[in-house]
Amino acid sequence: MSWRTFVGGLLILVLNARVQAGSSNSLMDLSPDGSRLLVANADNGTVTVVDTITRKALREIKVGDKPEGVTWIGKGPLALVTVYRDDLVVWVDTEAGKVIHTLKVSDEPYGIVADKEGKRAWVTHDYPGTVAEIDVDKRSVVREIKAGSFLRGIALSPDEKRLYVTEFYTACMHAVECNTGKVVDTWKGQPTDNLCRNVVIHPRRPKAYLSHVRSKTEVIDGRGSIFPQLTIYDLVPANSSSSRRTSFGMDTYNGVYVVTNAWEAALSPDGKRIYTLYAGTDDMNVSAVIDDDYKEIDRIGGARVVGKNPRAVRVSPDGKTVYVSNTLDFTVSVLDADLRSLGTIKVCDPPKSPEWVRGKILFASARPPMSFPRWVACASCHPDGLTDGRIWKNPEGLRKTPSLMGLAHTHPLHWSADRDEVQDFEYTIRSKLMMGRGLYSGRITPKVPFRPTELDEVLSGKSADLDALAVYTNSFEFTLSPHNPAPGKLSPSAERGKKLFFSKEVGCATCHSGPYYTDSRLKKPFNVHDVGTGQDDPGEKNGPKYDTPTLLGVYRTAPYLHHGKAKTLHEVLTTCNKEDKHGKTSHLKANEIDDLVDFLKALPYEMPPARTENTVKYRYEGKKE
């Protein structure tokens, strides 16, 4: 079948199709009649039901830790919610204002979509990269499909025959056939494509739209490292002559006005307009969709400022009203089709503490004082405290972006242990990478290249904003590993691996000690170790000794080591440990290496303590009763 025949057939199938409720993943969803808006408040652990006629919040419903996706079931009033950190899909009665059922699912459920009849729903799992198919009436998972790695975005085709899912770290898209559950097509982007959370499908044209960033890891410069991107994939057969990919830099798209951290997009029901959000600069665009397979989109006016950290956008069924979730204003902006303001709806109160909220605002922002060029925010590399999965060619050498989970308990910071407080990132804000004014009004000791200047500068307690940034950055905590039969219980192979890990013959626990599996400590001299990797990178300036990273959550943070040259945990213990400097593993048999890897993947199998001798002061510890 030629691609023209394929496209013609697809167009006939969807000629009268319209964008429907629940057809693409988002923190928000509109009911099919447009009268109700459901908003997930990820930081509050709630969803809010909004009356779009009166433009008032009707009720707020607790659902669990970090809801990331919502969808209406049929015409409502029932809805489904994915709860990312609790590994749940929740059934909510939006009229009664209560949860009526919770379903335990695989790890890290993120995006969710449902069919028009409300009989089937599909959920992406960030880790381990699967799609769960849910029978809505029976409230059960009927099938789990391996469809890639770190899946987040998901959309249902207008004819409901295919799912399109996107990989978070690559912006690669896979087509899954709903009937068979098989991956039947794949679209690959560029090696620089990164952090893709969302995909939307055009109702009439064979096109998919993906919002994401590009990470150019060889450039450490605020004007050349990270860029906002909108990629359009042609839904035509792979054997066609088409490239199947067009991509737009949304910074140059906006002329000299830079926007940052492309997050999500939404199409108008007739497919004639697309709305795109930029969470790092609080902006959005409206563009005309051009049916030419070349220009694709044409900007209507300039980017418009909405609220703080916009992360979700939906368009009313008549195409006349646009809703934007401003997650750090805790509001929804109501706009007309041309982005003129019609009002604002408060959906929840600020969570946690004022310092935590202020810290997150700063962490998520690429605007002054964090950055004058506006291309880079802390969240551009550490999205919600996770890693961007990249190895950066820093001035001091190759450096893998670490996760921030457990950071409050594992100081000092950086692979080279050259910072002892989060407030030291004032140096990063003022550096070539972010080019910001900074958060402290006083003078700081000028940075000496490849020397730990930051250790001589005490910045905590000198700036409320720097302290707030530290409170937020130090507040990320682990969840239990999914590689265990139950909380606190290891599999037989992991039990064998645990014995090897703590044995003197292997010696992993010599450095990876304590409840956080690291000997990092703030008492000087810091514990740093030569594990034989310092000579692997010709550009290394600070080695060969490095800080010991925590092993908690290591199952989802590949690649490994400071330079990321170990692609798997097996490689950490074998090909990247030829001299036995990183634990004595050369004498182990293949099955023993497998057992040791199984133990590492099981961490944490029980929650570490909330406080240790190394826990820092500036963090959110929960509301006091």
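The values are calculated or read from the model by the stated rules, or taken from the named source; none is laboratory data. On a predicted model such as this, the values are computed, not experimentally measured, just so you know. As a convention, Cβ positions derive from the backbone with ideal geometry for all residues, glycine included, and neighbour counts pool all protein chains shown.
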- Query: Being closer than 22 Å to A364 by Cα, in the same structural domain as L156 (by TED's automatic domain parsing) and touching a residue at least 24 places away in the same chain (Cβ under 8 Å), is that true of even one residue in the range 288-296?
  - Reply: no
- Any residue in the range 471-490 that is without any contact (Cβ under 8 Å) to a residue 24 or more places away in the chain and surrounded by fewer than 19 Cβ atoms within 10 Å (Cβ to Cβ)? yes
- Query: For V70, all conditions in the list (1) over 22 Å from the mean Cα position of the chain (by Cα); (2) modelled with pLDDT of 95 or more hold save one; what is the number of the exception?
  - Reply: (1)
- Item | Residue within the range 237-246 that is of a type in the set (A, V, I, L, M), crowded, with 19+ Cβ neighbours inside 10 Å and either more than 29 Å from V376 (Cα to Cα) or modelled with pLDDT of 95 or more (or both) present | no
- Query: Of the residues T568, T510, T533, T518, which single one is at pLDDT 95 or above and crowded, with 19+ Cβ neighbours inside 10 Å?
  - Reply: T518
- Task: Return yes when S287 is among the hydroxyl-bearing types (S, T, Y), under 24 Å from N194 (Cα atoms) and surrounded by fewer than 20 Cβ atoms within 10 Å (Cβ to Cβ) and no when it is not.
- Result: no
- May I ask you to list the residues in the range 21-57 that are touching a Lys or Arg at 6+ places or on another chain (Cβ under 8 Å) and hydrophobic (A, V, I, L, M, F, W, C)? L27, M28, L30, L37, A42, V49, V50, A57
- Test set (1) touching a residue at least 40 places away in the same chain (Cβ under 8 Å); (2) in contact with an Asp or Glu (Cβ under 7 Å, 6 or more places away or on another chain) - T124 fails condition number: (2)
- Query: Does A566 satisfy being in contact with a Cys (Cβ under 7 Å, 6 or more places away or on another chain) and either closer than 20 Å to H414 by Cβ or not hydroxyl-bearing (S, T, Y) (or both)?
  - Reply: yes
- Message: Looking at the structure I just gave you, is R273 on the phi < 0 side of the Ramachandran plot, modelled with pLDDT of 95 or more and of a type in the set (D, E, K, R)?
- Response: yes
- Query: With respect to the numbered conditions (1) of a type in the set (F, W, Y); (2) in contact with a helix residue (DSSP H, G or I) (Cβ under 9 Å, 6 or more places away or on another chain); (3) under 17 Å from T231 (Cα atoms), which one is the sole condition not fulfilled by F150?
  - Reply: (3)
- So how many residues does the range 498-507 have that are exposed (fewer than 15 other Cβ atoms within 10 Å of the Cβ) and touching a residue at least 12 places away in the same chain (Cβ under 8 Å)? 1
- In the range 218-232, the residues that are touching a Pro at 6+ places or on another chain (Cβ under 9 Å) and either under 16 Å from Q190 (Cα atoms) or crowded, with 20+ Cβ neighbours inside 10 Å (or both): G222
- the range 362-378, residues that are over 24 Å from V286 (Cα atoms), buried (at least 20 other Cβ atoms within 10 Å of the Cβ) and hydrophobic (A, V, I, L, M, F, W, C): L362, F363, M370, C378
- Item | G97 vs. criteria buried (at least 19 other Cβ atoms within 10 Å of the Cβ) and over 23 Å from the mean Cα position of the chain (by Cα) | no
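Residue-wise test of (1) closer than 30 Å to W375 by Cα; (2) assigned to a helix (DSSP H, G or I); (3) not polar (S, T, N, Q).
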| position | (1), (2), (3) |
| --- | --- |
| K432 | yes, no, yes |
| G436 | yes, no, yes |
| P449 | yes, no, yes |
| V471 | yes, yes, yes |
| H483 | no, no, yes |
| A494 | no, yes, yes |
| G497 | no, yes, yes |
| L522 | no, no, yes |
| H529 | no, no, yes |
- Query: Which residue out of E454, E421, E396 is touching a residue at least 60 places away in the same chain (Cβ under 8 Å), touching a strand residue (DSSP E or B) at 6+ places or on another chain (Cβ under 9 Å) and either within 17 Å of G222 (Cβ to Cβ) or not small (G, A, S) (or both)?
  - Reply: E421
- Is one or more of the residues making up the range 108-123 charged (D, E, K, R) and closer than 18 Å to T166 by Cβ? yes
- Just checking, how many residues over the range 399-417 are touching a residue at least 24 places away in the same chain (Cβ under 8 Å), farther than 13 Å from Y546 by Cβ and of a type in the set (S, T, Y)? 2
- Note on the structure: Scanning the range 22-34 residue by residue, those in a loop (DSSP other than H, G, I, E, B) and crowded, with 20+ Cβ neighbours inside 10 Å turn out to be G22, S23, N25, S26, L27, S31
- Subset of the range 140-159 (residues that are in contact with a Ser or Thr (Cβ under 9 Å, 6 or more places away or on another chain), charged (D, E, K, R) and either without any contact (Cβ under 8 Å) to a residue 40 or more places away in the chain or not in a strand (DSSP E or B) (or both)): E144, K146
- Message: Anything in the range 93-118 that is outside any strand (DSSP E or B) and among the small types (G, A, S)? List them, or say none.
- Response: A96, G97, S106, G118
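Every residue, every condition in (1) assigned by TED's automatic domain parsing to the domain that holds H563; (2) touching a Gly at 6+ places or on another chain (Cβ under 7 Å); (3) buried (at least 22 other Cβ atoms within 10 Å of the Cβ); (4) on the phi > 0 side of the Ramachandran plot, yes or no:
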residue: D384; (1), (2), (3), (4): no, no, no, yes
residue: P395; (1), (2), (3), (4): no, no, no, no
residue: P402; (1), (2), (3), (4): no, no, no, no
residue: L407; (1), (2), (3), (4): no, no, yes, no
residue: H411; (1), (2), (3), (4): no, no, no, no
residue: H414; (1), (2), (3), (4): no, no, no, yes
residue: E421; (1), (2), (3), (4): no, no, yes, no
residue: Y427; (1), (2), (3), (4): no, no, no, no
residue: S431; (1), (2), (3), (4): no, no, no, no
- Please give the number of the condition L466 fails out of (1) of a type in the set (A, V, I, L, M); (2) surrounded by 17 or more Cβ atoms within 10 Å (Cβ to Cβ); (3) part of a loop (DSSP other than H, G, I, E, B). (3)
- In the range 247-281, what residues are surrounded by fewer than 19 Cβ atoms within 10 Å (Cβ to Cβ), closer than 21 Å to P310 by Cβ and among the small types (G, A, S)? G249, G255
- Taking only pairs six or more apart or across chains, which ones have beta-carbon atoms under 8 Å, a first residue in the range 217-237 that is at positive phi, and a second residue that is among the small types (G, A, S)? none
- What pairs come up if the first residue lies in the range 610-625 and is at negative phi and aliphatic (A, V, I, L, M), the second is outside any loop (DSSP other than H, G, I, E, B) and at pLDDT 90 or above, and their beta carbons are under 7 Å apart, counting only those six or more places apart or on different chains? V616/A408
